[in-house]
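These notes concern the structure reproduced below.
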Amino acid sequence: MGYPARPVELIRSKLIRSPHAFPTRAGGVSLAPFASLNTASNVGDEPAAVAQNLERLSASFGATAKQLVTVHQVHGTTVLEATAEGQGVLGEADAVFTRRHGLLVGVKTADCLPILIEDPKTGQVAAVHAGWRGVIGEIVLRAIERLGADPSGLHVAIGPAIQACCFEVDGELPSKFAAAFGDGVVRPQPGKAKVHLDLSWAVARSLARAGVPDSHVDVLPHCTRCDARFFSYRREEGRTGRQLSLIQCVRETSL
Ligand SMILES: [Zn+2]
């Protein structure tokens, strides 16, 4: 398609030992406005390009796209388990976990929060998608419950997402978030009526209250709206692709 062969660009958390990545939009084959590593087939992109992008991402893990399992994200709090290759898209949910060696689980975002979780004791891994509804619904804790893991042993990375610098809100949201997470989640803007919310900070609060130590939570600083390396729903006014954040289970467990 006339595109130079650029490599995929994978951002990693120093905390997570399982193979994982928060990709940027670089290194794919989709054309504008989905250029280039778009992984969503329901946004208007060419299905063949999306399929090739998923193969490229999987190949960076030494895997094929058959080993990759995702969910049809609906801003809810359902968690599903990936158990076999070839499952593709499991169903309507916003978190997916696996204990199956070799499987990759992932979530698609363009401003929402991609959250990757590993349980070093069992090898289980999970990928969680959270917009503001998922943050206030504490889907990250629903995922931890499904893992059946001791929260104090988990490692969690909150990936590139719209950060407090850009997440302007109004109406009832600021008071709802302050009631759920404390006043620190609301960031007033000098001279402006609208305030900003810090969703990553709110997720970190949920994790702390559930017993995940602060030192086991890595909040990546990248803002998808500020940083043009990422797809951003707000910056592109809705017409854009999705980056797929993913994590691989590399240990068969007896659970
Ligand atoms: Zn920003």
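Dipole of the chain, Cα-centred, from +1 at each Lys and Arg C-beta and -1 at each Asp and Glu C-beta, to the nearest 20 debye?
Dipole size: approximately 320 debye.
Of the beta bridges DSSP finds with both residues in the chain, what % are antiparallel, to the nearest 5?
The antiparallel proportion sits near 70 percent.
Let's test the formula: R0 of 30 Å, r as the Cβ-Cβ distance of Glu236 and Lys121. What FRET efficiency results, to the nearest 0.05?
E between Glu236 and Lys121, to the nearest 0.05, is 0.15.
For the chain, treating each Cα as an identical point scatterer without solvent, what Debye log10 I(q)/I(0) comes out at q = 0.13, 0.14, 0.16 1/Å?
Debye intensities relative to I(0), on a log10 scale: -0.76, -0.89, -1.15.
Nearest-5 percent of antiparallel DSSP beta bridges in the stretch 35-152?
Given both bridge residues lie in the stretch 35-152, the antiparallel proportion sits at roughly 55 percent.
Let me have the relative contact order for the stretch 126-255, percent, based on Cα pairs under 8 Å that are six or more residues apart.
The value is 29 percent.
Among the lysines, which fall within straight-line cross-link reach of Lys192, defined as a Cα-Cα distance under 30 Å, with same-chain neighbours fewer than 8 residues apart omitted?
Candidates past the 8-residue exclusion: Lys176.
Binned at 10 Å from 0, what are the whole-percent values of the Cα-Cα distance distribution for the stretch 148-255, short to long?
All Cα pairs considered, the percentages come to 13, 34, 35, 15, 3, 0.
I need the Debye-formula profile for the stretch 1-98: one equal scatterer per C-alpha, no solvent, reported as log10 I(q)/I(0) at q = 0.11, 0.13 1/Å, two decimals.
Values, matching the q order: -0.35, -0.50.
Excluding residues fewer than 8 places away in the same chain, name every one of the lysines whose C-alpha is closer than 20 Å to that of Lys14.
The reachable lysines, counting only those whose Cα sits under 20 Å from Lys14, are Lys121.
When N is the residue count of the stretch 137-195, what does its C-alpha Rg come to as a fraction of 2.2 N^0.38 Å?
Against the compact-globule rule of thumb, the ratio is 1.45.
Within the stretch 58-94, which residues have the backbone N less than 19 Å from the label spot 7 Å out from Arg209 along Cα→beta-carbon, could you tell me?
Zone members listed by number: 76-78.
Which net charge results when you count Lys and Arg as +1 and Asp and Glu as -1 among the other residues whose beta-carbon is under 10 Å from that of Val71?
With Lys, Arg at +1 and Asp, Glu at -1, the net is -1.
With no solvent and one point on each alpha carbon, what is the Debye value of log10 I(q)/I(0) for the stretch 72-173 at q = 0.16, 0.17, 0.22 Å⁻¹?
Per q value, in the given order, log10 I(q)/I(0) is -0.67, -0.75, -1.16.
Give the Rg (one decimal place) followed by the Dmax (whole number) of the stretch 174-236, computed from C-alpha coordinates and expressed in Å.
Values for the stretch 174-236 (Cα only, Rg and Dmax): 13.8, 38 Å.
Report the full-extension gain for the segment Glu46 to Leu173: residue separation times 0.36 nm, less the Cα-Cα distance, to one decimal in nm.
Taking Glu46 through Leu173 to full extension adds about 42.1 nm, to one decimal.
Quick check for me: using +1 on Lys/Arg Cβ and -1 on Asp/Glu Cβ, what's the dipole size of the stretch 1-113 about its Cα centre, in debye to the nearest 20?
My answer is approximately 480 debye.
Between Gly88, Leu37, Ala110, whose Cα lies farthest towards the positive end of the dipole of the chain when Lys and Arg beta carbons carry +1 and Asp and Glu beta carbons carry -1, centred on the Cα centre?
The residue sitting most towards the positive pole is Leu37.
Would you look at the GNM of the chain, springs on alpha carbons closer than 10 Å, and say which of Val217, Val195, Val125 moves the most?
In the Gaussian network model the winner is Val195.
Since every read-out is calculated from the coordinates, none of them should be taken as a lab result. This is a predicted model, so every value here is computed, not measured. A quick note on method: Cβ atoms are made from the backbone with ideal geometry, for glycine too, and the neighbour counts reach across all protein chains shown.
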